[in-house]
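**Student:** Structure in C-alpha cells, see below.
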Amino acid sequence: VAFVGALGGFALASWILGMQSGGVIHSDVGRALFIAAFIVVGMIAALVLQRPALIIASATWGSYILFVGIDCFAHTGFQNTALAFLNTPGAVYVTSPKVYVMIGCMALSAVLGIVAQFRLTHKPKSAAFIPL
C-alpha cells in the first residue's frame, strides 16, 4: 500500500518538476528534497486514507508510466524527466511544445483514471432487505 503511494508521489513530483526546462527547482539538493517529500507524503496518505489515496496514486503513476512508454516511440523528451531529476550523468531535460503536450495528456489521463476508478469502486447505498 505504501509503495503505491510512494510511486504516485514520485510521479506527481516529476510532473511538477517537468513544467520547465531544467526543472522547476534548479538545485540538486532542492530537487531531491522535493521528490523525497512527495514520496513520503504519498506513502503516509496511502496508509492513512487508503482507498482514495490509492486510487489517486495508482492513476497518477499509471498515467506517468503510460506517457514514458509512449515517449519511447515518440521521442519528445518527456522520459528525460526521471533521468534528469535523478541525477543521471549526461541527462538533460528541455521542454518543448511536444513535451508540454505530453505533460497535459498525462494530467488528462490521470484525471480520467481517477474518475473511472472512483465510479467503478463506489459503494452503493444498501437497499433495505425485502424478504420474498
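**Student:** Only one of (1) over 15 Å from the mean Cα position of the chain (by Cα); (2) open to solvent by 30 Å² or more (accessible area, probe 1.4 Å); (3) farther than 19 Å from G5 by Cβ fails for Q79. Which number is that?
**Tutor:** The single condition Q79 does not satisfy is (1).
**Student:** Give the residue, chosen from T81, T60, that is of a type in the set (S, T, Y), in contact (Cβ under 8 Å) with a residue 12 or more places away in the chain, assigned to a helix (DSSP H, G or I) and touching a Leu at 6+ places or on another chain (Cβ under 6 Å).
**Tutor:** Within the list T81, T60, the selection yields T60.
**Student:** Here is a follow-up. One residue is enough: does region 46-69 have a residue meeting the conditions touching a Lys or Arg at 6+ places or on another chain (Cβ under 6 Å) and among the aliphatic types (A, V, I, L, M)?
**Tutor:** No; the residues of region 46-69 include none that is touching a Lys or Arg at 6+ places or on another chain (Cβ under 6 Å) and among the aliphatic types (A, V, I, L, M).
**Student:** What are the residues in region 1-30 that are assigned to a helix (DSSP H, G or I), surrounded by fewer than 21 Cβ atoms within 10 Å (Cβ to Cβ) and not hydrophobic (A, V, I, L, M, F, W, C), if any?
**Tutor:** Hits for region 1-30 are D28, G30.
**Student:** Whether any residue in region 102-110 is touching a residue at least 40 places away in the same chain (Cβ under 8 Å), over 20 Å from I35 (Cα atoms) and in contact with a helix residue (DSSP H, G or I) (Cβ under 8 Å, 6 or more places away or on another chain) is what I want to check.
**Tutor:** Scanning region 102-110 turns up at least one residue that is touching a residue at least 40 places away in the same chain (Cβ under 8 Å), over 20 Å from I35 (Cα atoms) and in contact with a helix residue (DSSP H, G or I) (Cβ under 8 Å, 6 or more places away or on another chain).
**Student:** Against the definition (in contact (Cβ under 8 Å) with a residue 12 or more places away in the chain, of a type in the set (D, E) and surrounded by fewer than 18 Cβ atoms within 10 Å (Cβ to Cβ)), how does D71 come out, yes or no?
**Tutor:** Against the criterion (in contact (Cβ under 8 Å) with a residue 12 or more places away in the chain, of a type in the set (D, E) and surrounded by fewer than 18 Cβ atoms within 10 Å (Cβ to Cβ)), D71 does not qualify.
**Student:** Continuing with this model, one more query. Tell me whether region 82-103 contains one or more residues that are hydroxyl-bearing (S, T, Y), modelled with pLDDT under 90 and crowded, with 19+ Cβ neighbours inside 10 Å.
**Tutor:** yes
**Student:** Kindly evaluate I44 against the criterion of being part of a helix (DSSP H, G or I) and under 28 Å from V101 (Cβ atoms).
**Tutor:** No, not satisfied.
**Student:** Collect the residues in region 38-56 that are open to solvent by less than 70 Å² (accessible area, probe 1.4 Å) and closer than 15 Å to I16 by Cβ, keeping them in residue-number order.
**Tutor:** Once the filter is applied, which keeps residues that are open to solvent by less than 70 Å² (accessible area, probe 1.4 Å) and closer than 15 Å to I16 by Cβ, region 38-56 yields F38, I39, G42.
The values are calculated or read from the model by the stated rules, or taken from the named source; none is laboratory data. All values reported here derive from a predicted model rather than from experimental measurement. Cβ coordinates were reconstructed from backbone atoms using ideal geometry, including for glycine residues, and neighbour counts include every protein chain displayed. We work out accessible area using only protein heavy atoms, side chains counted, and drop any ligands, DNA or RNA first. Shrake-Rupley method; radii C 1.70, N 1.55, O 1.52, S 1.80 Å.
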